[in-house]
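What follows is calculated from the coordinates using simple rules that are stated; it is not laboratory data. The shown structure was predicted, so the numbers you read here are calculated from the model rather than taken from an experiment. Cβ: placed from backbone, ideal geometry, glycine included. Neighbour counts: every protein chain shown.
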Amino acid sequence: MKRINYILPIALLLLLSSCGGAKLATADEQMARGEYFEASKTYRKVYNKLDRNQRQLRGEVAFKMAECHRLLRQNARASAAYANARRFGYEDTVLNLRLAQTLHAEGKYSQAVTAYEEYLQMKPDDVKALNGLAGAKMAAEKKLATRYIVRNAKLFNSRRSDYSPMYFDNSYDRLYFTTTNEKVNGTHRSEINGMKKADIWTVTKNERGQWKRPEPVEGELNSENEEGIISFTPDGSTMYLTRARREPNANTGVEIYTSQRSDAQWSKPVKFEITHDTISSYGHPAVSPDGNWLYFTSDMPGGSGGKDIWRINLKERAGSLENLGEWINTPGDEMFPFVRSDSVLYFASDGHPGYGGLDIFKAVMTKSGGWNVSNMGSPLNSAADDFGITFGEGEAGYFSSNRGDAKGYDHIYSFELPEIKVTISGWVLDRDEEPVPNAVIRIVGNDGSNQKQIAKPDGSFSFPLDRGVSYVMLAGAKGYLNAKQEFTSDIAEEDAAYDVDFILSSITKPVVIDNIFYDFDKTTLRPESKTALDEMAQVLRDNPNVTIEMASHTDRHGTDEYNINLSSRRAKSVIDYLISVGIDPRRLQSQGYGESRPKTITKKLAREFPQFPEGQVLDEEYINTLSPEDQDAADQINRRTEFQVLSIDYQMF
């Protein structure tokens, strides 16, 4: 896992010299220099030569071998070796913590919880263990699942480690990344992990917007040293990169360098001096979008422990160096910063509660200058190491992960957050359920949105919406009363489709109010009539300049005098109800027509009662020609309550 040269070098600053011999002292020297790959092989040889009776020494060697595998991110091998060390009675209070951390990074959350709890019995205030325990429990409960879609970016990946992608500019058609593939510069392999030393490669899109094959960066940028983990100034003229210097018999210093771009080539890197401290490491540069700040990772004194994220002003460097503080930094490692805006920062950490290994976190600056830090959740984060994120357009981009790789090699993955599609659609119809021509629909949200649309010839319409917004919709058309609907879209992070229909009432012909019920020979409204009457009241509220006549009609049974009297009283009872719910009585007139105005069959009624042709008047002469069953149906249609618009300019002048 080549990228360890920038995670661990910042941790333990790598020494890249070769040692041999299956001696414990040799392995210890290799370990001390950071040669974890070579040290692990030497410890294995020593371990295999030890007699089973040498339990104490076998436990010590197993523990040291486990440390090498852990630092190489080979978590399955590490947890097995830690378990052996514990089995042989190795005594070190950190053993259970290390075992818990590697089990955590394997995704064995229940076992990790047990190991964390055993360690916390000895060290109840250890922040790393407390955060680790919280993260393992969170992962076991499958919290923080998100809608992100993650895919292996196979075109970018080799059979070794490829990681830390970074877009060149806001055109998002060129990507740079760090690779340890077999075609990089140099012939020597790293004693740290056995791979060739990293170079910076690039990949561009063709004229069809498709990624081409990756290739080495042109110019003098790459060398036999370690280069990688980069960032660019906003104008694209300067690259900041991490380089691990190789000096015989000394630790490898991890430092930040700069390279200048000219004629599509990059110049030989020059060291960027942050402090005069020659012991600490500096890496993982990230330039802010405005070009004013350089964020980076360092283990210099003054931090929270492990590796911290710092920043320095590129315009006025003197006195501007600052640690991002306890909101971001923990006793663990915080690395790989990516600055998306002046108030949004992404970084990788194994110190905050997470899924295991390094997780990617988002930090949003508060008004007081602090940071709100949140885990990016799965599947972007996993039990393995997830780090080195870069964003393209919207919520999409690339990041690095060693998930699913037993050797701990890193690979580049794409991610995207699909746009949530929330819509509302329906029809604008008249009372006969026919499309209203040229109906206009308006929708206004409490987020300030304002949309307008003319319904299609079939009366249909559709609007895109946002989640968690309260909307008011109004539909209207010439010759019809307006209708209004109110609703609030759900806040759930999922696609949603809402349906709403508008039934508009004509202002030129009577409109039947369905579901108005009276007891036989009574004028008292039955309780089930309340819904229909409340809807009528709302129509009047939505059309405050309208006055109406409320009419009641009876069937052909009874005398004319009786029917006129009954229908008049019934119409009056409807008026009384509307007044009781706040409608101005000056807008209302009642009229009883008895059986004098039989109903004419409309398209809607013809669909509901196909035995009656459209346009047929249900007068007594016609009804007498029908069967008893059809006579009852016709009488039912004639017994109705309806309103007629009288004027549309009430109190307008």
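Using only DSSP helix segments of four residues or longer, with each worth -39500 (n - 2.57), what per-residue ellipticity at 222 nm results for the chain after dividing by its residue count and rounding to 500? Present the calculation step by step, with values, prior to reporting the outcome.
Working: 13 runs with 157 residues, N = 653.
Helix-only estimate at 222 nm: -7500 deg cm²/dmol.
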Full-stretch length increase - LYS530, SER262 - with 0.36 nm per residue and alpha-carbon distance subtracted: 88.6 nm
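What's the exposure ranking of TRP327, TRP293, going from fewest to most Cβ atoms within 10 Å? Please list the in-between numbers first.
Numbers: TRP327 14, TRP293 19.
Ranked by crowding around the Cβ, least crowded first: TRP327, TRP293.
Quick one, can you get me the convex hull of the C-alpha atoms of region 149-406 expressed as volume per residue in Å³?
Working: hull volume 35.8 nm³, N = 258.
Given the Cα convex hull of region 149-406, per-residue volume reads 139 Å³.
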Can you give me the angle between helix 628-638 and the longest principal axis of the chain, using Cα atoms only, in degrees from 0 to 90, rounded to the nearest 10? 80 degrees
Point-to-point label distance, ASN438-ASN206, nm (Cα→Cβ direction, 7 Å offset): 5.3 nm
Label-point separation, ARG159 to GLU224 (7 Å along Cα→Cβ), nm: 2.5 nm
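So in region 422-504, what percent of DSSP beta bridges are antiparallel if you round to the nearest 5? Mind showing how you got there, number by number?
Numbers: 24 of 31 bridges.
The antiparallel fraction comes to roughly 75 percent.
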Options ALA477, VAL436, LEU465, ranked by Cα towards positive dipole end of region 422-504, top entry (Cβ charges): ALA477
Filter the chymotrypsin sites (Phe, Trp or Tyr not before Pro) in region 520-596 down to the DSSP loop ones having no more than 14 other Cβ atoms within 10 Å, then list what survives. PHE520
Toward the positive end of the charge dipole of region 149-406, about the Cα centre and with charges on Cβ (Lys, Arg +1; Asp, Glu -1), which of SER374, THR330, VAL203 goes farthest? VAL203
Listed residue pairs exceeding 25 Å between alpha carbons, taken from LYS23/LYS128; LYS205/LYS315; LYS183/LYS362; LYS41/LYS196: LYS23/LYS128; LYS205/LYS315; LYS183/LYS362
Long-range amide H contacts for GLY228: which residues qualify at under 5 Å (H placed 1.01 Å from N, peptide plane, sequence gap of 5 or more or a different chain)? THR242
Less than 22 Å apart at the alpha-carbon level, and either on another chain or at least 8 residues along: which lysines does that give for LYS484? LYS452, LYS456, LYS509, LYS530
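Could you work out the relative contact order of the chain? I mean the mean sequence separation of Cα pairs under 8 Å and 6+ apart, divided by the number of residues, in percent.
On the way: 1533 pairs, mean separation 64.1, N = 653.
Reported relative contact order: 10 percent.
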Please list, by residue number, every one of the trypsin sites (Lys or Arg not before Pro) in region 346-434 that is coil in DSSP and has at most 14 other beta-carbon atoms within 10 Å. LYS367, LYS421
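Tell me the trypsin sites (Lys or Arg not before Pro) within region 181-246 that lie in a loop according to DSSP and have at most 14 other beta-carbon atoms within 10 Å.
LYS183, ARG208, LYS212
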How far is helix 109-122 tilted off the main Cα axis of the chain, in degrees rounded to 10, range 0 to 90? 60 degrees
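Test of understanding: ordering ASP169, ASP555 by Cβ neighbours within 10 Å, fewest first, what list do you get? Can you show the working numbers first?
Numbers: ASP169 12, ASP555 21.
Placing the least packed residue first, the sequence is ASP169, ASP555.
Relative to the present Cα-Cα distance, how much length would full extension add between ILE648 and ARG597 at 0.36 nm per residue of separation? Numbers along the way, then the final one.
Numbers: separation 51, 0.36 × 51 = 18.36 nm, distance 2.42 nm.
Between ILE648 and ARG597, full extension yields 15.9 nm more.
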Taking only the alpha-carbon positions of region 511-647 as identical scatterers, the Debye log10 I(q)/I(0) at q = 0.09 Å⁻¹ comes out as -0.28
State the label only: which of [x] 26.6, 83; [y] 28.0, 91; [z] 38.3, 121 corresponds to Rg and Dmax of the Cα atoms in Å computed from the shown model? [z]
I'd like the orientation of helix 55-71 relative to the chain: the angle between its Cα long axis and the longest Cα principal axis, in ° from 0 to 90, rounded to 10. 60 degrees
Region 253-264 - phi-based ³J(HN,Hα) in whole Hz, Karplus 6.51/-1.76/1.60, Gly and Pro as x: x, 9, 9, 9, 10, 10, 9, 9, 9, 8, 6, 6
Along the dipole axis of the chain (charges at Cβ: +1 for Lys and Arg, -1 for Asp and Glu; origin at the Cα centre), the most positive-end residue among GLY388, VAL254, ILE274 is VAL254
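Under a Cβ-only charge scheme (Lys and Arg +1, Asp and Glu -1), can you give me the dipole magnitude of the chain about the Cα centre, in debye to the nearest 20?
On the way: 79 positive and 92 negative charges, 649 e Å.
The dipole magnitude comes to about 3120 debye.
Exposure proxy check: ILE312, ILE579 ranked by fewest other beta carbons within 10 Å? Don't jump to the answer; show the numbers that get you there.
Working: ILE312 19, ILE579 14.
With the sparsest Cβ surroundings first, the list reads ILE579, ILE312.
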For LEU605, what is the net charge nearby, where nearby means another residue's Cβ is under 14 Å from its Cβ and Lys, Arg count +1, Asp, Glu -1? -2
Can you work out the Karplus-derived ³J(HN,Hα) for every residue in region 500-511? Use 6.51 cos²θ - 1.76 cosθ + 1.60 with θ = phi - 60°, whole Hz, and x for glycine or proline. 8, 10, 10, 9, 9, 9, 6, 9, 10, 8, x, 10
Quick one: dipole size for region 4-140, taken about the Cα centre, charges +1 on Lys/Arg Cβ and -1 on Asp/Glu Cβ, in debye to the nearest 20. 480 debye
Inverse of mean 1/r across different Cα pairs in region 115-228, Kirkwood, Å: 17.6 Å
